[in-house]
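A.B. asks: Shown below is the structure under consideration.
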Amino acid sequence: MSSRETVLARIRAAVADLPPDRADIPRRYLRHAPTDSPDDRAAAVALLTERLEEYGAVVHRVGAEELPHAVPRALDDGGARTAVVPAGLPAPWIADWTGTVHEDSPPLPHTALDAVDAVVTACAVAIAESGTLVLDAGPGQGRRAPTLLPDLHVCVVRADQTVSALPEAIGRLDPRRPLTWISGPSATADIEMIRVQGVHGPRRLTVVIVGE
């Protein structure tokens, strides 16, 4: 008997006494990060901040009244002079910025997107445990290309969009929408484990978290 057959035989033996209809089998999946309560928003935001900073992202936590100043400051700190914004991005977020803003409506060609310094977006949900931002192409998020070509991505996250773990996020997302999952600045490593940033997405990520 081959190793494959041995493994399959053990699996069949292990499940042999299970009923054909397994709807009554209890499923107690953990829906949130094991160390946090799903109702503890402050803990989720703190964990998200910690994870993002571990990845090399810059994180600013601000109140709602500070947001119109926080986004321009993030762009200026990143050395951006031009930025692309998707349709539906709240105008006050960038109204005070002195740089040049390009709206991605109609969609800009890739050559134009590659020439701008930054992109500013909102997000659909943020996952604290993995430090992941999820965009679903909704208002203020736009299509995927503008979030991949500019060197700097400034993403605004509301505190109430932050969940502690993946199962909570799945419940908030529509699987029929185009989902982009971002865990820190784009980076990869070659066979010698030399880390290179910006290979398949923005080299720099700044996250502005709004609220507590």
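The values are calculated or read from the model by the stated rules, or taken from the named source; none is laboratory data. Predicted model only: the values in this text are computed from it and were never measured. Glycine also receives a Cβ, built like all others from the backbone with ideal geometry; neighbour counts cover every protein chain displayed.
A.B. asks: I'd like the residue in the stretch 89-98 that is surrounded by fewer than 19 Cβ atoms within 10 Å (Cβ to Cβ), within 17 Å of Gly140 (Cβ to Cβ) and touching a residue at least 24 places away in the same chain (Cβ under 8 Å) and, out of all such residues, is farthest from the chain's Cα centre (by Cα).
C.D. replies: Ala95
A.B. asks: Mind checking which residues of the stretch 141-159 are under 9 Å from Pro86 (Cβ atoms) and either acidic (Asp, Glu) or surrounded by fewer than 20 Cβ atoms within 10 Å (Cβ to Cβ) (or both)?
C.D. replies: Arg143 - this is the single residue of the stretch 141-159 that is under 9 Å from Pro86 (Cβ atoms) and either acidic (Asp, Glu) or surrounded by fewer than 20 Cβ atoms within 10 Å (Cβ to Cβ) (or both).
A.B. asks: Just wondering, is there one or more residues in the stretch 121-139 that are within 21 Å of Val71 (Cα to Cα), without any contact (Cβ under 8 Å) to a residue 40 or more places away in the chain and in contact with a Gly (Cβ under 8 Å, 6 or more places away or on another chain)?
C.D. replies: Yes.
A.B. asks: If I filter the stretch 79-88 for residues that are crowded, with 19+ Cβ neighbours inside 10 Å, polar (S, T, N, Q) and outside any loop (DSSP other than H, G, I, E, B), do I get at least one hit?
C.D. replies: Looking through the stretch 79-88, none of the residues is crowded, with 19+ Cβ neighbours inside 10 Å, polar (S, T, N, Q) and outside any loop (DSSP other than H, G, I, E, B).
A.B. asks: Next up: Just one of the numbered conditions (1) among the aliphatic types (A, V, I, L, M); (2) under 17 Å from Pro202 (Cβ atoms); (3) outside any loop (DSSP other than H, G, I, E, B) is not true of Leu108; which one?
C.D. replies: (3)
A.B. asks: List pairs: first in the stretch 99-115 and farther than 18 Å from Leu148 by Cβ, second part of a strand (DSSP E or B) and modelled with pLDDT of 95 or more, Cβ under 8 Å, 6+ apart or cross-chain?
C.D. replies: What qualifies is Gly99/Thr82; Gly99/Ala83; Thr100/Thr82; Thr100/Ala83; Val101/Thr82; Val101/Ala83; Val101/Val84; Val101/Val85.
A.B. asks: Return the pairs, sorted by first residue and then second, in which the second residue is of a type outside the set (Val, Ile, Thr) and not in a loop (DSSP other than H, G, I, E, B), the first residue lies in the stretch 161-177 and is free of Cβ contacts under 8 Å to residues at least 12 places away in the same chain, the beta carbons are less than 6 Å apart, and the residues are 6+ apart or on different chains.
C.D. replies: none
A.B. asks: Mind checking whether some residue in the stretch 137-144 is modelled with pLDDT of 90 or more, in a loop (DSSP other than H, G, I, E, B) and of a type in the set (Lys, Arg)?
C.D. replies: yes
A.B. asks: Just checking, how many residues over the stretch 69-99 are more than 9 Å from Ala118 (Cβ to Cβ) and among the polar types (S, T, N, Q)?
C.D. replies: 1
A.B. asks: Taking the stretch 14-66 only, how many residues are part of a loop (DSSP other than H, G, I, E, B), of a type in the set (Lys, Arg) and modelled with pLDDT of 85 or more?
C.D. replies: 0
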